[in-house]
Amino acid sequence: MKTAIVGLGYVGLPLSIQFAKSDVTVLGLDIDTAKVDALNQGRSYIKHIPSEAVAEVVRQGMFSASTDFSRVREVSAIIICVPTPLNKNREPDISYILDTGKSIARYLQKGTLVVLESTTYPGTTDEDLREVLEIGSGLEAGRDFHLAFSPEREDPGNPNSKVAVIPKVVGGFTPACLEKAKALYSKAVKTIVPVSSCRAAEATKLLENTFRGVNIALVNELKVVYSAMGIDVWEVINAAKTKPFGFMAFYPGPGLGGHCIPIDPFYLTWKAREYGQHTRFIELAGEVNTGMPAYVVHRVADALNDRKKALNGSSVLVVGLAYKPNVDDERESPSYVLMEMLSARGVKVAYYDPYVPVIRPTREHRHWAGTKSVEWNRETVSNFDAVLIATNHASINYQELAEWAPCIVDTRNAMAGIATQPGQLWKA
Ligand SMILES: NC(=O)c1ccc[n+]([C@@H]2O[C@H](COP(=O)([O-])OP(=O)(O)OC[C@H]3O[C@@H](n4cnc5c(N)ncnc54)[C@H](O)[C@@H]3O)[C@@H](O)[C@H]2O)c1
């Protein structure tokens, strides 16, 4: 059996490896020649995916990458894992999905299964993608080819998150499409969770991500309220989570980051409008979460003020550029927002992140491109007026930070259990 996986990113690459290890030959397709070349040479370009895992499946002939989409003729299934960002008006941008649909439609063979994995609003698979596939191929979904949606549940950087053991929700355009998709995934994934339609599967993913966004907003709000009352929200959450039922711990932070939680719920908001529906929880959570960087900057100002310093003219080291601990992914990271806000107030800003040695050029943060992470040593760190912990990478030595930094603003409770001087540590 041979399957094509389109989009060899944070989702597509681990999925490719899992299929390749499960006796399914994988043709990885991407438009990025640099990624394709690296993977064919057995090199991973993602920190938490070891090159050895890629090299092994390449060596065994179970995985190869290509930019030639005509090769989908060779496969019996095509899985699409391309980006689904928001455009500058914060509306869904499904152009990557549609472009992929157009690229594969011309070569689509009868009987092929096409599965979309990209997170998106209900209706994308059976309306938008179906249309480009049918027009481009002259074939009909459900009759000539199979169509399904199966959301990705990747948790980058979590060593216990293994594609094979995370249950996979699958919805088909027809019952036969569902059966085909179940058969495909059951080769590589232990538990399949079938649902009645592509839309139900799309909606499942949006529920999962909205649930997180809303709960993170709740603890972010409580963080601000409890801080005003002199109560440490981290202590409260740690106590509350000892309740063995009806509670699930979420943690506050400097704002949302990554490719999913800050973005996906707004796919639902946008689609809901078509039905005259409003997503008030999502909007409110978005408002609270996007307000976090301003709160953090306010706390940095308080901390500096305590030391008779103003933001303007001070220097601040932002620790952690990645949006979450122990990964090298800094897409949508709130650290960028913090750096923007601080420098707009006259702060000399630098960052330290062992996983992001230099900022790559991106559309959103063009002017930071080329900025390098500072060195981690006493002389460098102690020269900053304040250190702002935005991401709590496990490899950072917080004991050293306590010894070196005159003032620390901690948004992640990274300094828990580390002795600090009175007035040195501020939670934010
Ligand atoms: N990263 C995560 O943790 C995560 C988790 C769950 C779901 N998702 C969802 O999975 C999807 C993919 O996310 P990702 O993080 O893997 O993105 P990514 O940016 O890491 O990877 C996407 C890949 O697609 C390629 N690509 C872009 N346009 C293409 C095209 N027209 N044809 C072929 N390849 C193309 C890019 O070059 C890139 O390699 C998104 O919808 C995202 O919301 C991501």
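The values are calculated or read from the model by the stated rules, or taken from the named source; none is laboratory data. Worth saying up front: this structure is predicted, and the values here are computed from it rather than measured. Using ideal geometry, Cβ is built from the backbone for each residue, glycine included, and neighbour counts are taken over all protein chains shown. Note: areas computed on protein heavy atoms with side chains; ligands, DNA, RNA excluded. Shrake-Rupley method; radii C 1.70, N 1.55, O 1.52, S 1.80 Å.
Starting from the Cα gyration tensor of segment 1-123, take the square roots of the eigenvalues, sort them a ≥ b ≥ c, and report rounded, prolate or oblate (rounded when a/c is under 1.5, otherwise prolate if a/b is larger than b/c, else oblate). Because a/c hits 1.5 or more and a/b fails to exceed b/c, segment 1-123 counts as oblate.
Could you tell me the number of lysine pairs in segment 10-127 with C-alpha atoms less than 25 Å from each other, where the two lysines are 8 or more residues apart or belong to different chains? Don't skip to the answer; put the middle values down first.
Values: Lys21/Lys35; Lys21/Lys47; Lys35/Lys47; Lys35/Lys102; Lys88/Lys102; Lys102/Lys110.
Final tally of qualifying lysine pairs is 6.
For segment 182-316, the convex hull drawn through the C-alpha positions has a volume of 186 cubic angstrom per residue. With the simple spin-label model, which puts each label point 7 Å out from Cα in the Cβ direction, the Ser315 to Arg43 separation comes to 3.4 nm. The spread of Cα positions in the chain, taken along each principal axis and listed from longest to shortest, comes to 72, 49, 41 Å.
Here the chain exposes an accessible surface that is 53 percent carbon and sulfur, computed with a 1.4 Å probe and the other protein chains kept in place.
Which shape class applies to segment 261-365: rounded if a/c is under 1.5, otherwise prolate when a/b exceeds b/c and oblate if not, where a ≥ b ≥ c are the square roots of the Cα gyration tensor eigenvalues? It comes out oblate by the Cα gyration axes. Between helix 292-306 and the chain there is an angle of about 20 degrees, using the helix long axis and the longest principal axis of the Cα atoms.
Among Ala402, Ala34, Ala141, which one moves the most in a GNM of the chain with springs linking Cα atoms closer than 10 Å? Between Ala402, Ala34, Ala141, it is Ala34 that shows the largest mean-square fluctuation.
Counting only protein heavy atoms and a 1.4 Å probe, segment 57-172 has 40 square angstrom of accessible area per residue. Ranked by solvent-accessible area (1.4 Å probe, protein heavy atoms only, all chains present), the residues Glu221, Glu117 order from largest to smallest as Glu221, Glu117. Return the whole-Å distance between the Cα centroid of segment 1-48 and the Cα centroid of segment 166-199. For segment 1-48 versus segment 166-199, the Cα centre distance is 21 Å. Computed from Cα atoms, the angle from the helix 264-274 axis to the main principal axis of the chain rounds to 60 degrees. By definition, a body whose alpha carbon gyration tensor gives a ≥ b ≥ c is rounded when a/c is under 1.5, and segment 279-428 falls into this rounded group. Quotient of the Cα radius of gyration of segment 118-228 and 2.2 N^0.38 Å, N being its number of residues: 1.33. On the beta carbon distance between Glu400 and Asp144, with R0 = 41 Å, the FRET formula returns roughly 0.05.
Let's see if you can work this out: charge +1 on each Lys and Arg Cβ, -1 on each Asp and Glu Cβ, no other charges. What is the dipole magnitude of the chain about its Cα centre, in debye to the nearest 20? Mind dumping the intermediate values first?
Details: 46 positive and 47 negative charges, 59 e Å.
The dipole of the chain has a size of about 280 debye.
Between the Cα long axis of helix 280-290 and the first principal axis of the chain there is an angle of about 50°, rounded to the nearest 10.
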